[in-house]
Amino acid sequence: MKSHTEYLWFHTDQRRQYIRVTEQVQEAVSKSGIQEGMVLVSAMHITAGVFVNDDEPGFREDLDQMLESLAPFGQDYQHHQTGEDNGDAHLKNILVHHQVVIPITEGKLDLGPWQQVFYAEFDGRRRKRVVIKAIGD
Amino acid sequence: MKSHTEYLWFHTDQRRQYIRVTEQVQEAVSKSGIQEGMVLVSAMHITAGVFVNDDEPGFREDLDQMLESLAPFGQDYQHHQTGEDNGDAHLKNILVHHQVVIPITEGKLDLGPWQQVFYAEFDGRRRKRVVIKAIGD
Amino acid sequence: MKSHTEYLWFHTDQRRQYIRVTEQVQEAVSKSGIQEGMVLVSAMHITAGVFVNDDEPGFREDLDQMLESLAPFGQDYQHHQTGEDNGDAHLKNILVHHQVVIPITEGKLDLGPWQQVFYAEFDGRRRKRVVIKAIGD
């Protein structure tokens, strides 16, 4: 079995931002030499997510709006008693999920035609990380 | 390490439909010859999901109703400026998540007594795919 | 390829309860002898979840409150026509997701500084299980 580990760093301008990472994940898989296996793409922070969906700006606005309606920024969360102001970002992390697993087939990400991998930042403007872990043969 | 890849095709009658696939996933695992490992079951579309829950029609209605209340069909989504009418289905894909990983133990799906694997179609009436990827020994 | 399987049992005092299991998952990984791979932590019940987030009591209250607002206990769910009263717990399982996959790097859970693994019980006061499956080299 082969394995390969890589970390992506992000430092967004905005508090909430959605960044396509499909190409970086494919590069990590290519470096690994794995032909058949799986690659995990997982946020290492509790206020960010990783998802697979369309690379379409309208959808990203819809997603952002739904998340804001379910877990609005600036609400009086219990978590804020710690001095933090990012309670909404913790909840958005849960709703979106913080990770995806992508099958590797013949050395490529085995995604459908419209599937793209995104990093979802919910509390940005500081350095944060995603781990990529590929295993297979 | 062994690996096995299979694709399931769906073409539902209804826009939203929930289809049990546990048996097909177990068959793929049996064909793989894997005794110990993991199998990924992942929608290849951005308007469908895969989940594990009870095979109980009442629950499926409750799920459908909750998803409709959080991301209603027919709302004026930004995504619709592309000419599409399935903005709700993209959001339901995010809420339900598009994949599950099932442990394989002694050649069987290591599921609890009530756990069944479902394909969740949110924008059907056309051909769509799920990838099954098993890895292990 | 090595693999290791373990089951954690839970029997909570309360209907809804959130229990940190990071240490137990790390112990299972240590026992496995795996240095590079992945470990799946997955609820075996349809009324429980597994998530990764902060070990902070305020956040857990915020999460519980959000889940209660999206899928309230005691509502008149279709699932209750079976005689059950836990329709809310099935929906909470979907929203939180029932599993996480954690990368194993140099024999350790490759988590960010604040990431802890939690079992989320939504219909407790009886014996329930989580499966831990590690694979790698």
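Quick one: would you say B:D110 is in contact with a strand residue (DSSP E or B) (Cβ under 9 Å, 6 or more places away or on another chain) and among the charged types (D, E, K, R)? Steps first, please.
On the way: in contact with a strand residue (DSSP E or B) (Cβ under 9 Å, 6 or more places away or on another chain): yes; among the charged types (D, E, K, R): yes.
When the stated conditions are applied, B:D110 passes them.
Quick one: count up the residues across segment A:34-59 that are free of Cβ contacts under 8 Å to residues at least 60 places away in the same chain and either open to solvent by 40 Å² or more (accessible area, probe 1.4 Å) or touching a strand residue (DSSP E or B) at 6+ places or on another chain (Cβ under 8 Å) (or both).
From segment A:34-59, those free of Cβ contacts under 8 Å to residues at least 60 places away in the same chain are A:46, A:56-59; that's our starting set.
So of that shortlist, the ones also either open to solvent by 40 Å² or more (accessible area, probe 1.4 Å) or touching a strand residue (DSSP E or B) at 6+ places or on another chain (Cβ under 8 Å) (or both) come out as A:46, A:57, A:59.
Residues that pass the stated criteria total 3.
Determine whether segment B:11-31 contains at least one residue that is farther than 22 Å from C:Q78 by Cβ, open to solvent by 10 Å² or more (accessible area, probe 1.4 Å) and within 12 Å of another protein chain (Cβ to nearest Cβ).
No; the residues of segment B:11-31 include none that is farther than 22 Å from C:Q78 by Cβ, open to solvent by 10 Å² or more (accessible area, probe 1.4 Å) and within 12 Å of another protein chain (Cβ to nearest Cβ).
Can you pull out the residues in segment C:32-66 that are within 8 Å of another protein chain (Cβ to nearest Cβ) and hydrophobic (A, V, I, L, M, F, W, C)?
Result: C:M38, C:L40, C:A43, C:M44, C:I46, C:F51, C:V52, C:F59, C:L63, C:M66.
Does segment C:101-134 hold any residues that are within 13 Å of the chain's Cα centre (by Cα) and either of a type in the set (S, T, N, Q) or within 19 Å of C:G37 (Cβ to Cβ) (or both), and which are they?
Hits for segment C:101-134 are C:V101, C:I102, C:Q116, C:V117, C:V130, C:V131, C:I132.
The values are calculated or read from the model by the stated rules, or taken from the named source; none is laboratory data. Please read these numbers as outputs of a predicted model, since none were measured by experiment. Please note: Cβ atoms are built from the backbone with ideal geometry, for glycine as well, and neighbour counts cover all protein chains shown. These area figures cover heavy atoms from the full protein model, side chains too; ligands, DNA and RNA do not enter into them. Shrake-Rupley method; radii C 1.70, N 1.55, O 1.52, S 1.80 Å.
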